[in-house]
Amino acid sequence: MNGTWNRRLLLAYPKHHRDEYGEEMLDVLTECGGGPRESADLVVSGLRMRLDGLGAPWTTPEWRDALAVVSLVAPLLMTIPAVWFVDSGVRHLTGEMTTGPGYLSGLFGVAPVWGVGALALAAAWWGGIFGRRFGIAVILALCVFMYVGSDRLTTSDAKAITLGLVVPVLALAGLAFSDGPRRGAQVLGRPVAIAMATVAGLSFAAQGLAGLQHPLHLQVISGEMPYYEEALVITMAVLVLNGFRTAYGRRVAALLVTPLLFDLAPWTPVPVPRMAAVTLGFALVLALGVRSRRRPAR
Amino acid sequence: MQEPTFLILTALAAGPQHGYGIITDAGEISEGRVRLRTGTLYTALDRLRGEGLIEVDREEVVDTRMRRYYRITAAGADALAAEVQRMRRGAETAALRLGAAGGLA
């Protein structure tokens, strides 16, 4: 075990760590006498530091705050289409509407579709109010089921299923990697939280009570499904009121706008591969999130 | 607080030390039970510096080798004191219970 060997082992560490401590570590290794345990510890510690580095951007206070806000907004986003679905379903059953609710008309009678959605919605609210661990476990199980548990769910309408999954996954991430919706409300501040809830409520009222399924006439984006429209309304409200002025706000915007990129097709003359849209989404998250400056302490 | 962190802060509580000095001191503090490895030590030192619990005291060149000395900060001393209190309370509780059971003279 010589200096060259130890220097090679140091490659397990990130470059910034080697620059800061590399020579010092080599001297200490020489003084310690080396040995297989020292070598093994060196490699394990270096790799662990690299892994920690990979996760670091997502564990910053800005991302935790952004995910806390998402854990507050996601259940709201899940509630709106759920109420809309029930409302449209009742109208369909009573004969007021000739077809079932929107794109789900073909799946209206398939209990796993709306049943899983209802359970995920309940778990998201439960997780936010009572206990995050239970909510996380239930939503995770439901997401897994939605991916692998039913052929109908995974092959019938990729766009619809993606829609159905994105928000629960966001809710799951919000519950798992943040301090939860209470912190989200705290981060937003009362004026913004109230304004956001009001905008969402008014939008829902226009849609549900007045029968305007697309109050903003954004069908080009949303097709038969009003989620995008609602997501836009709420996201834009957050953005306009608070978003671009804060590091966490930009991250929230990135997380909520990203699902829109799953449906780029109407805006482009050529079909956009799903993977390209997903890649673009992640790029947006990174661009808006990682490059954002730290929010100044209040 | 993890044991390497406790040992490093305890070693530095007596005064600034360089890396190898911390390793030998930690061995003495733990009565030979724990042998800090170089990789573990410098991962911990980097983290503790990031958390503001220790800082660089000075750098010296000894026999063409650069030695960097680290010292504990006020925040580090507070964290160590809090850990000592926690351990003391735990030890007292254990002693009391052992005494009640007749297991501690």
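What follows draws every value from the coordinates through simple rules; no lab data is involved. Quantities reported herein were computed from a predicted structural model and do not represent experimental measurements. Here the Cβ positions follow ideal geometry from the backbone for every residue, glycine too, while neighbour counts run over all protein chains shown.
Taking the Cβ of each residue in A:Met49, A:Met78, B:Met66 as the centre, tally the other Cβ atoms inside 10 Å and list the residues starting with the fewest.
B:Met66, A:Met49, A:Met78
Peptide B:51-59: average number of partner chain Cβ atoms within 10 Å per residue?
0
If you take each beta carbon of peptide A:38-45 and count the beta carbons of other chains within 10 angstrom, what is the mean?
Average per residue, whole number: 5.
Please give the average number of partner chain Cβ atoms lying within 10 Å of the Cβ of each residue in B:29-42, rounded to a whole number.
Taking the mean over all residues of the peptide, I get 6.
Scattering from the C-alpha atoms of chain B alone, worked out with Debye: what is log10 I(q)/I(0) at q = 0.18, 0.19, 0.20 1/Å?
So the normalised log intensities are -0.86, -0.93, -1.00.
Taking the Cβ of each residue in A:Trp126, A:Trp63, A:Trp5 as the centre, tally the other Cβ atoms inside 10 Å and list the residues starting with the fewest.
Ordered from fewest to most neighbouring Cβ atoms within 10 Å, A:Trp126, A:Trp63, A:Trp5 come out as A:Trp5, A:Trp126, A:Trp63.
Going highest first, how would you order A:34-44, B:51-61, A:132-142, A:115-125 by mean Cβ packing within 10 Å?
Descending packing order for the listed peptides: A:115-125, A:132-142, A:34-44, B:51-61.
What is the angle, in °, between the Cα long axis of helix B:74-100 and the longest principal axis of the Cα atoms in chain B? Nearest 10 is fine, range 0 to 90.
Approximately 20 degrees, to the nearest 10.
Using Cβ contacts closer than 10 Å as the measure, can you line up A:Arg251, A:Arg91 from fewest to most?
The order, fewest Cβ neighbours first, is A:Arg91, A:Arg251.
Name the residues whose placed amide hydrogens come within less than 5 Å of the amide hydrogen of B:His18, ignoring near sequence neighbours (fewer than 5 apart) on the same chain.
For B:His18, the qualifying residues are B:Tyr70.
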